[in-house]
Amino acid sequence: MAALVYVATAVIGLLGAVAGVAGMLGHTWNARVAWVVPLGGLELVMDPMAGLFLALVGAAAVPASIYAIGYTAGARRGLIAYPAFVASMAAVPLAANVMTFAVAWELMSLASYFLVVDGARDPREGRATARAAWTYAVMTHAGLAAMLTGMLLLISWTGSATFADWRQAAPALAPSARGLAWLLLAAGFAVKAGVIPLHVWLPLAHPAAPSHVSALMSGVMIKLGIYGLLRASFDWLGTGPAWWGVTLLLAGAVSAVVGVLDALVERDLKRLLAFSSIENIGIILLGMGAALLFAGAGLPALAVFALVAALYHVVNHAAFKSLLFLGAGAVLHATGTRDMEAHGGLVKRMPWTGACFFLGSAAIAALPPLNGFVSEWLIFQALLQNTRILAPGLNVAFTLGIAALALTGGLAVACFVKAFGISFLAMPRSEAAARAHEAPPSMRAAMVALALACVALGLAPTAVVPALASVAASRLGGSPAVAFGDGLTLRLSGDFASLSTLTIALALAAALALVALAGAGRRRRWYETWGCGRLLQTSRMEYTATAFANPFTRIFDFFYRPVKRLDIDFHPESRFFVSRIEYGNPTRSIFDEWLYRPAGNALRATARHVQAIQSGSTNLYLIYILAALLVLLVFA
Amino acid sequence: MIEDALIALSQALVVALASPLLVGVLRTIKARLVGRRGPRPLQPYADIRKLFVKEAVISSTTSWVFRVTPYVLAASMLVAALAAPVLMSRP
């Protein structure tokens, strides 16, 4: 029964992916069913941009659903919410009017909310999961409120609830009106995308959900936030002025750096991946901001190029983050814990999962010749082209973006060395890790498929980039005038830069063969690690996740603001005997302390004042009714 | 095209062959600056020769990552030398 539902969802995903790719290649269509959705009816339009995101949803749903067959092992929880989640995500990019979009968007949020609530595996986790789901619900509805306000404003200004009409009417709107609408829409979509400082729900909700759902949430759902931002910035309101681009660029820079810094100190494997999603959303926003600025400066070819880079990273992040979440799920399945300090040595017990997670880590750390490298390289090239814009203020913003991207790249490598190294290498740190078992075949198949996708996206950018360029050009109007490669090499803007990952891969293989040949014929011996004379080796002597991150905690202490907690219990007889020592080195979140806690307190204080008029006495309420009636009679 | 490939290959060759000499010269100069005699500049070559014939002891707690990493490291350095402008910068 459960397996049947997941297979059916996988088939739906496959169909969606095929339809999406067809749409990207120009097979556009529209459909309208007046009676399904109130106020305007169900209205779907397929265009290249919608096709790309539909293909993404579909392509990610296939491995996630197959994975779920083994992961849930026939459990019946979430069997309605999961297909609804996938279907609503597929509907969001196709929606052509406000009502269809809002219904699909809200269905997606609600279905994922139920899946998050459902994620707890035992009562101990229940409280944390309930809190995560609550935060998610509050934040996502705050976002929905902002988004709907923006949309309602646009409806009243343009007199239409159809996106195609907005496209016609938007250029005639006053700049301040367009700006306000964009700000509201962007805030709403940024919540879903997890842009800092609206990200607080993401590191709570993504780890709490079952792993195949986490993969879809991080891989695809937050990309629909990006989709909304793309529509708001390039399509519905026309292409925006420079301050939109600068906003996106700076938000991207902050999200990228803060996201990776938070990921670096995390010891919960799935939370680490969730923070890393924030980082990657930031990288995507860098590309989008650059595209907006180039478009505003009258450089359509470069705008297309920057948007291609951003879209490429969207696709890549969907591939490797889904893979990593599925890998983390396999680890959770095998050991029963997400705490990296209780993993260790898993690469021996789980060779398939280990190899796939390794590949995903290398891809997300942007190591050539894998896919993360290609898209980050493209975004770098796009940002470096900022010298063509002759506006010093904008160039400073670009430079900040470049610096942020460079710092992020370095820290991401450290972060994923930690994620893979602590979880998978060395000796098992707990009984559970020592008894870990390899994932069942369906889970392995899903991970291998995604790993192959990462390799393919890395080796064949010349096949992917032209398709993305046509998508980007469909929105920006410009033709992809930048020369996008011939055969194996990706050539950009004349002789400025070129890249051939296939050549890099071949050169690496040749060099590896050469080095291996040089090292062949050596004598090898297997022996235990030298323990400085100690006979016993335990996992307590190993490098821990916290220790690995400690140098970074010190360097960036203005951000982490670590607290030292030392708690010593002395023996009651003498202070020279210690019975227990507890040491903690937790970090504090700036956003919790400076933004959300004050906001929450203010809300609570306001609620207390409002409480005064709600005494609970029926007599008082009757007086209110009478008073309201009198006021209406007098003034109306 | 072929010219580019030849330049790249010669760069990797130069990096592979000459970098021990650079390390040796640096060590000699450092030693002289603090008043020691120091090893001769060609010492790293002798070290490498010795290391290549020594037996490798692999810890039993390690995995394939430990065995593969030295090769990957050396190979990626060589590939980086193909692209980095060591001898000449290409237009």
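Laboratory data are not the source of any read-out in this text; all were calculated from the coordinates shown. Source: prediction; values computed, not measured. Neighbour counts are summed over all protein chains in view; Cβ atoms, including those assigned to glycine, are modelled from backbone coordinates with ideal geometry.
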Given bins 5 angstrom wide, list per bin the percent of all Cα-Cα distances in the stretch A:1-69, short to long.
4, 19, 19, 16, 17, 15, 9, 1
Of the DSSP H helices in chain B, those whose Cα atoms cover at least 27 Å axially and whose Kyte score averages 0.0 or more:
B:2-33, B:64-83
Counting only other chains, what is the mean number of Cβ atoms within 10 angstrom of the Cβ of each residue in peptide B:73-86?
4
Kindly state, to the nearest 0.05, the FRET efficiency for A:Leu407 paired with A:Arg76, given R0 = 45 Å and r defined as their beta-carbon distance.
0.45
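Can you give the extra length, in nm with one decimal, that the chain gains between A:Glu582 and A:Gln614 once fully stretched, where that is 0.36 nm per residue apart less the Cα-Cα distance? Mind showing how you got there, number by number?
Values: separation 32, 0.36 × 32 = 11.52 nm, distance 4.80 nm.
Here the answer is 6.7 nm.
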In peptide B:47-53, what is the residue-averaged number of other protein chain Cβ atoms found within 10 Å of each Cβ?
1
Gyration tensor (alpha-carbon) shape descriptor, the stretch A:387-472, a/c threshold 1.5:
oblate
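Of all the C-alpha pairs in chain B, what % are more than 23 Å from each other?
Numbers: 1932 of 4095 pairs.
When all Cα pairs of chain B are counted, 47 percent exceed 23 Å.
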Lys and Arg at +1, Asp and Glu at -1: add these up for the other residues within a Cβ distance under 9 Å of A:Leu269 and post the number.
+1
Mind checking the alpha-carbon convex hull of the stretch A:111-180 and giving the volume per residue in Å³?
91
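Would you list the membrane-span-like helices of chain A, meaning whole DSSP H runs whose alpha-carbon atoms span at least 24 Å along their axis and whose mean Kyte-Doolittle value is at least -1.0?
Details: long enough: A:2-24 (33 Å, 2.08); A:48-72 (35 Å, 1.50); A:98-117 (28 Å, 1.75); A:123-158 (52 Å, 0.48); A:175-193 (26 Å, 1.08); A:242-264 (33 Å, 1.78); A:269-296 (41 Å, 1.45); A:300-335 (51 Å, 1.44); A:392-424 (47 Å, 1.63); A:441-459 (27 Å, 1.76); A:501-519 (26 Å, 2.32); A:618-635 (26 Å, 2.42).
Those that pass (Cα extent of 24 Å or more, hydropathy at least -1.0) are A:2-24, A:48-72, A:98-117, A:123-158, A:175-193, A:242-264, A:269-296, A:300-335, A:392-424, A:441-459, A:501-519, A:618-635.
If packing is taken as the average number of other Cβ atoms within 10 Å across a peptide's residues, how do A:382-388, A:590-596, A:609-615 rank, most packed first? Don't skip to the answer; put the middle values down first.
Working: A:382-388: 19.1, A:590-596: 13.3, A:609-615: 9.1.
With the highest mean Cβ count within 10 Å placed first, the list reads A:382-388, A:590-596, A:609-615.
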Average other protein chain Cβ within 10 Å of Cβ, residues A:352-361
1
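Is the stretch A:339-484 best put as rounded, prolate or oblate by its Cα gyration tensor, with a ≥ b ≥ c the root eigenvalues, rounded for a/c under 1.5, and otherwise prolate when a/b is larger than b/c, oblate when not?
Values: a/c = 4.05, a/b = 1.88, b/c = 2.16.
Judged from the Cα gyration tensor, the stretch A:339-484 comes out oblate (a/c at least 1.5, b/c at or above a/b).
Note the full-extension length gain between A:Thr149 and A:Leu633 as 0.36 nm times their separation in residues minus their Cα-Cα distance, in nm to one decimal.
Values: separation 484, 0.36 × 484 = 174.24 nm, distance 3.09 nm.
Result for the pair: 171.1 nm of gain on full extension.
Take the residue pairs A:Lys418/B:Lys54; A:Lys192/A:Lys418; A:Lys270/A:Lys348; A:Lys321/A:Lys348; A:Lys418/B:Lys30 and return only those whose Cα atoms are more than 25 Å apart. Walk me through the numbers before you get to the answer.
Values: A:Lys418/B:Lys54 31 Å; A:Lys192/A:Lys418 28 Å; A:Lys270/A:Lys348 21 Å; A:Lys321/A:Lys348 23 Å; A:Lys418/B:Lys30 35 Å.
The answer is A:Lys418/B:Lys54; A:Lys192/A:Lys418; A:Lys418/B:Lys30.
Rg/Rh for the stretch A:295-408 to two decimals, with Rh computed the Kirkwood way over all alpha-carbon pairs. Don't jump to the answer; show the numbers that get you there.
Working: Rg = 18.7 Å, Rh = 16.3 Å.
Radius of gyration relative to Kirkwood radius: 1.15.
Specify whether the C-alpha gyration tensor of the stretch A:569-627 places it in the rounded, prolate or oblate class, a ≥ b ≥ c being the square roots of the eigenvalues: rounded for a/c under 1.5, otherwise prolate if a/b is larger than b/c and oblate if not.
Details: a/c = 8.87, a/b = 2.71, b/c = 3.28.
Oblate is the answer for the stretch A:569-627, as a/c is 1.5 or above yet b/c matches or exceeds a/b.
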Inter-site label distance for A:Glu125 and B:Arg49 at 7 Å from Cα along Cβ, in nm:
6.0
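What is the fewest-to-most order of A:Lys348, A:Lys223 by other Cβ atoms lying within 10 Å of their Cβ?
On the way: A:Lys348 16, A:Lys223 30.
With the fewest neighbours first, A:Lys348, A:Lys223 line up as A:Lys348, A:Lys223.
How large is the charge dipole for the protein assembly as shown, taken about the Cα centre, if only the Cβ atoms of Lys, Arg (+1) and Asp, Glu (-1) carry charge, to the nearest 20 debye? Intermediate values should be presented prior to the final figure.
Working: 53 positive and 32 negative charges, 457 e Å.
The dipole of the protein assembly as shown has a size of about 2200 debye.
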Whole number please: convex hull volume per residue, Cα atoms of the protein assembly as shown, in Å³.
237
Modelled FRET efficiency - R0 41 Å, B:Phe66 with A:Leu25, Cβ distances, 0.05 increments:
0.35
Can you give the Kirkwood hydrodynamic radius for the stretch A:139-244, in Å, rounded to one decimal and based on Cα pairs?
14.4
What is the packing order of peptides A:428-437, A:315-324, taking the mean over residues of other C-beta atoms within 10 Å and listing the highest first?
A:315-324, A:428-437
Label-to-label distance, nm, for residues given as A:Asn395 and B:Ser19 (7 Å Cα→Cβ offset)
3.6
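What is the percent of Cα-Cα separations in the stretch A:244-286 that go past 12 Å?
Values: 464 of 903 pairs.
Taking all Cα-Cα pairs of the stretch A:244-286, the fraction more than 12 Å apart is 51 percent.
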For A:Leu506 and A:Val7, what is the calculated FRET efficiency with R₀ set at 35 Å and r taken between the beta-carbons, to the nearest 0.05?
0.35
Please compute the modelled spin-label separation between A:Glu528 and A:Val417, points set 7 Å along Cα→Cβ, answer in nm with one decimal.
2.9
Full-stretch length increase - A:Thr606, A:Tyr624 - with 0.36 nm per residue and alpha-carbon distance subtracted:
4.4 nm
